[in-house]
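Here is the structure we will look at, set down as structure tokens.
The values are calculated or read from the model by the stated rules, or taken from the named source; none is laboratory data. Remember, it's a predicted structure, so these values are computed and weren't measured experimentally. All Cβ positions, even for glycine, are placed from backbone atoms using ideal geometry, and neighbour counts span all protein chains on display.
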Amino acid sequence: MNLLKISLANLKEKKLNSFLSAMLLTLGIGMISLLLLLNKQLDEQFRRNIRGIDMVVGAKGSPLQLILSSIYQIDAPTGNVPLSEVNSLKRNPFVKTVIPLSMGDNYHGFRIVGTTPKYVDHFQAKIAEGALFSQPMDVTLGSKVAKNSGLKIGDTFASSHGLGSDGEAHNDKKYKVVGMFEPTGSVVDQLVLTNLESVWEIHEHSEEKAAAAPADDVKESDPAHEEDMGEQHHDEEKQVTSALIQFRNPMGLITIPRQINQNTSMQAALPSIEINRLFSLLGVGIDTLRALALVIIMIAGVSVFISLYNSLKERKYEMALMLSMGATRTKLFLMLLLEGLILAVTGYLSGVLLSRFGLFLFSRAAEQDYNYSIREFSLLPEEIFLLIGALFLGLLAAALPSLGIYRLNISRTLAEE
Amino acid sequence: MITTKNLQFSYSQQKQFIFPDINCADKEALLILGQSGRGKTTFLHLLALLLKPDSGNIHINSKELSGLSPSERTDIRAKNLGIIYQRAHFVGALSVLDNILLSSYLSGNKQDKEKATYLAEQLGFADHLQKKTTQLSQGEQQRVSIARALMNNPNVILADEPTSSLDDSNCQKVVELLKNQAFSIGASLVVVTHDQRLKDEFPNQVFL
């Protein structure tokens, strides 16, 4: 027999009340914790991938779309730009590196990106097995692609057109796997990398096919087809989808984007600005959800308060009895606080578990749709504050009604009834 | 042993009580009889140190008990007094056994499960130890509260209308058990009641 045992017995005695309080707390804590997790991990994923990329150039259109498609490989590209125009940027003294990207095909939903070895260097991807692509039609697989597709070195595969896995297959030209990357935690993990020539080569073939096929078969809006169309007109002019630019010094940020936007057919987008914009757009939703979660937590607090207040009225005689048997008022007060604390801890723990489960579901969906995985299930520092908050709430909600213990008149209460 | 002298108590100017002196030695039983409104429960609460008398004093085991702080009185009550109330009240969430052990826990004594089981056998509810108190009949509940009062080997057992909610046969049984148990641990037994059935059971009587 001890205080904890009595508190637990009391909570068990009022199963439904305890359940309601704990469940509300679980929901509120779970929501906040899930938001924290998602916010942090999305933020991390996004920031990790833009590290070192000062600017992205590509076809005119939405700058956010350009960033999303070129850096994160999640949106459709804005179109194509001539390689010559991209290469001319290299001559600018502020520009340190130019990494051209060419996309438009995929293998089972994993994007095939034509680029240069600089792209690999930029993400510090290391070869786990085999070699880096060097010949046209050679590919090196990102770690997740290698794992999910089951492709081995030496295997060949046909890409399909477009960015979804249900595109038309380029059966006549096959890629050959020459190597695999170690996991990097960056976008490289979910890409099939090859050189620029491979992408051109594939589409020269499909261009012949497209020319043979009826014209309305070609989707005009598809950027990869625009590439085809472009090449139809200027066979000698090579095109790329976009290019990632690094500056030598921050002065480049001030002058170059404006120059590009005014004087060329390309647009320049700054990742940090676009990502901040994206997060401020998402932020409205996140703030609303957070406010909702806080309201739920408050209701949980009120629920703890009401159920303790009610049960205390019913248990007045019990309290007087225990006082007459030698319990101090402080002891009984602690016993009641303990009930609030137990509820708070239960709600917190199941809330944190719930948020991990939610994250797991979200991560599975995100992996299916975007090949992005979120796998950080450890406790966040903010969640420690959440625990402190929950404990405080439990204590407060239990303390307010329990203060009545100090005013209880033992003799009168025992004489009643 | 418990003795009182010139005990007076008032809830208000109009409602003043002057109580007769009592003297109950160890192993003795004393019946205090009185109609409702004569201050029976008040007298018992004074004896139980739940109320503080306006004047007069109480000795338990020859120890003078006036002028003690509330926490000292709580301690003396927990260690020296076993109280049985008119209607048996328990902590509803706990089992019968835990309710009996609770008095040991709250008074700071060792929680002796064997003793609780022994008392339960003596008082005839050993089969019910794991049940909730609400599952027991009134008579059984009153016997549980006797066991609870005996747990700490008190010097004085105070019973407030212990039989008023019981039928004749249960009344008889409970009074027998009370007297026997108090005698066997050498305690003074003070019963406050208006129940005329108890008149013949106690040779020592005081009228309020």
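Looking only at segment B:27-53, count every residue that is more than 14 Å from chain A (Cβ to nearest Cβ) and over 18 Å from B:Q205 (Cβ atoms) and tell me the total.
The number of residues fulfilling the criteria is 0.
Can you tell me which residue in segment A:1-15 is farthest from A:L337 (Cα to Cα), limited to those that are among the hydrophobic types (A, V, I, L, M, F, W, C) and assigned to a helix (DSSP H, G or I)?
So in segment A:1-15, the residues among the hydrophobic types (A, V, I, L, M, F, W, C) come out as A:1, A:3-4, A:6, A:8-9, A:11.
Narrowing further to those that are assigned to a helix (DSSP H, G or I): A:3-4, A:6, A:8-9, A:11.
Values: A:L3: 10, A:L4: 10, A:I6: 12, A:L8: 12, A:A9: 14, A:L11: 12 Å.
The qualifying residue farthest from A:L337 (Cα to Cα) is A:A9.
Show the residue pairs meeting these rules: Cβ distance below 9 Å; 6+ apart or different chains; first residue within segment B:132-146 and in contact (Cβ under 8 Å) with a residue 24 or more places away in the chain; second residue among the hydroxyl-bearing types (S, T, Y) and assigned to a helix (DSSP H, G or I).
Within 9 Å, the pairs are B:G139/B:S169; B:Q141/B:T133; B:Q141/B:T134; B:V144/B:T133.
State which residue pairs qualify: first residue within 14 Å of another protein chain (Cβ to nearest Cβ) and part of a loop (DSSP other than H, G, I, E, B) and inside segment B:106-125, second residue exposed (fewer than 15 other Cβ atoms within 10 Å of the Cβ) and not aromatic (F, W, Y) in any location, beta carbons under 9 Å apart, and separation of 6 or more residues or different chains.
Here the result reads B:N109/B:N153, each pair linking segment B:106-125 to a residue that is exposed (fewer than 15 other Cβ atoms within 10 Å of the Cβ) and not aromatic (F, W, Y).
Of all residues in segment B:187-208, which are at pLDDT 90 or above and more than 15 Å from B:E161 (Cβ to Cβ)?
If the condition is that a residue be at pLDDT 90 or above and more than 15 Å from B:E161 (Cβ to Cβ), then B:A187, B:S188 are the ones that fit.
In segment A:313-332, is there at least one residue being in a helix (DSSP H, G or I), more than 13 Å from chain B (Cβ to nearest Cβ), touching a helix residue (DSSP H, G or I) at 6+ places or on another chain (Cβ under 7 Å) and of a type outside the set (V, I, T)?
First, pick out the residues of segment A:313-332 that are in a helix (DSSP H, G or I): A:313-314, A:316-324, A:329-332.
Remaining after also requiring more than 13 Å from chain B (Cβ to nearest Cβ): A:313.
Going one step further and asking which of them are touching a helix residue (DSSP H, G or I) at 6+ places or on another chain (Cβ under 7 Å), we end up with none.
Within segment A:313-332 (the criterion being in a helix (DSSP H, G or I), more than 13 Å from chain B (Cβ to nearest Cβ), touching a helix residue (DSSP H, G or I) at 6+ places or on another chain (Cβ under 7 Å) and of a type outside the set (V, I, T)), the answer is no, since none of the residues qualifies.
For segment A:261-272, how many residues are surrounded by 14 or more Cβ atoms within 10 Å (Cβ to Cβ) and either free of Cβ contacts under 8 Å to residues at least 12 places away in the same chain or hydroxyl-bearing (S, T, Y) (or both)?
Adding up the residues that qualify gives 3.
In segment A:10-25, what residues are within 9 Å of chain B (Cβ to nearest Cβ) and surrounded by fewer than 18 Cβ atoms within 10 Å (Cβ to Cβ)?
Residues satisfying the conditions are A:K12, A:E13.
Would a scan of segment B:68-88 turn up a residue that is more than 17 Å from the chain's Cα centre (by Cα), part of a helix (DSSP H, G or I) and of a type outside the set (S, T, N, Q)?
Yes, the conditions are met somewhere in segment B:68-88.
Among the candidates A:A399, A:A344, A:A365, single out the residue that is out of contact with any Asp or Glu (no Cβ under 9 Å at 6 or more places or on another chain) and without any contact (Cβ under 8 Å) to a residue 24 or more places away in the chain.
It is A:A365.
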